[in-house]
1. Simple spin-label model, 7 Å along Cα-to-Cβ: R193 to D169 in nm?
2. State the cysteines of the chain left without a partner when partners are defined as other cysteines whose beta carbon lies under 4.7 Å away.
3. At a Förster radius of 22 Å, what calculated FRET efficiency corresponds to the Cβ-Cβ distance of A63 and V108, to the nearest 0.05?
4. Could you give the size of the charge dipole of the chain about its Cα centre, using +1 on the Cβ of each K and R and -1 on the Cβ of each D and E, expressed in debye and rounded to the nearest 20?
5. Test of the criteria: in segment 105-186, which trypsin sites (Lys or Arg not before Pro) are in a DSSP loop and have at most 14 other Cβ atoms within 10 angstrom of their Cβ?
6. Going by average Cβ neighbours within 10 Å, how do the peptides 205-211, 39-45, 22-28 rank, with the highest at the top?
7. Taking one equal scatterer on every alpha-carbon of the chain, how large is log10 of I(q)/I(0) by Debye at q = 0.11, 0.13 1/Å?
8. Counting only DSSP beta bridges with both residues in the chain, tell me the antiparallel percent, nearest 5.
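No value in this document is a laboratory result; all are computed from the given coordinates. What you see is a predicted model; the values in this text were computed from it and never measured. We place every Cβ from the backbone using ideal geometry, glycine too, and count neighbours over all the protein chains shown.
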Amino acid sequence: MSSPHYRRILLKLSGEALKGKEPFGVDPDLLHDLVGDVAELHAMGVQIGLVIGGGNYFRGAQASWMERTSADYVGMMATIMNGVTFRAACHKRGLPCSLFSGLQVEGVARGYNQLEVTEAFERGDVVIFSGGTGHPFFSTDTAAALRAGEIGAELLIKATQVDGVYDADPRTHPEAKRFDKLDYLYLLQHDLRVMDATSVSFCREYQIPILVFDLSTKGNLKRAVLGENVGTIICHQAERPVEDL
């Protein structure tokens, strides 16, 4: 078996990634496959942290009829629902797993505590971070960047339904160009909204590379951790498009 290129990663999954073809909630077959992918990395000795969005239940940013703070708290609770679901699927497979939450929900998830997180990794647990940052006005992308920095992740993986970062939406612009590598600043300056600006700026400041790739292609997650050329890598001093040099 090939050795992993990255030993500790933070995997950011959208809530939609759990929904699959279901109109709402979680697709059990898709969840089974996702846990299988995570288990394969775990067997390779990779330490895995996960942040899961809540959009399969509720998207606070789209709830214009509700004031923002309340909408964000509902969204955070949706991420906890997904965290509990993913933890249950891990335990069913026999995969050791710990669930922490930035939003206090006693009896459901442990409150976020850096020492306990470190101990969970040392035990060999997969570690799920739910409840966002615990504060409104921050996205789960920002929570993922923050947790990646706190755990010393070597790579933040943003799993999407698109095979990387493009100069336009490939679903509406078939001629859109995909980038293999991008500099953080180029991403911010050109407003390529694969992640929000706060999360990208945080990763830039603390030099956490971001990988954006298509999770639906079987084997992509393993190839990414092995260091193969999958999706788009965002980092310092990456090559910029010729027209920007």
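1. 0.8
2. Taking the Cβ cut-off of 4.7 Å, the unpaired cysteines of the chain are C203, C235.
3. Working: r = 23 Å, r/R0 = 1.03.
E between A63 and V108, to the nearest 0.05, is 0.45.
4. So the dipole magnitude of the chain works out to roughly 440 debye.
5. On the way: sites: R110, R123, R147, K158, R171, K177, R178, K181; in loops: R171, K177.
Qualifying residues, ordered by number: R171, K177.
6. Numbers: 205-211: 17.9, 39-45: 15.4, 22-28: 12.9.
Ranking the peptides 205-211, 39-45, 22-28 by packing returns 205-211, 39-45, 22-28.
7. -0.55, -0.78
8. Numbers: 5 of 33 bridges.
If we restrict to bridges inside the chain, about 15 percent are antiparallel.
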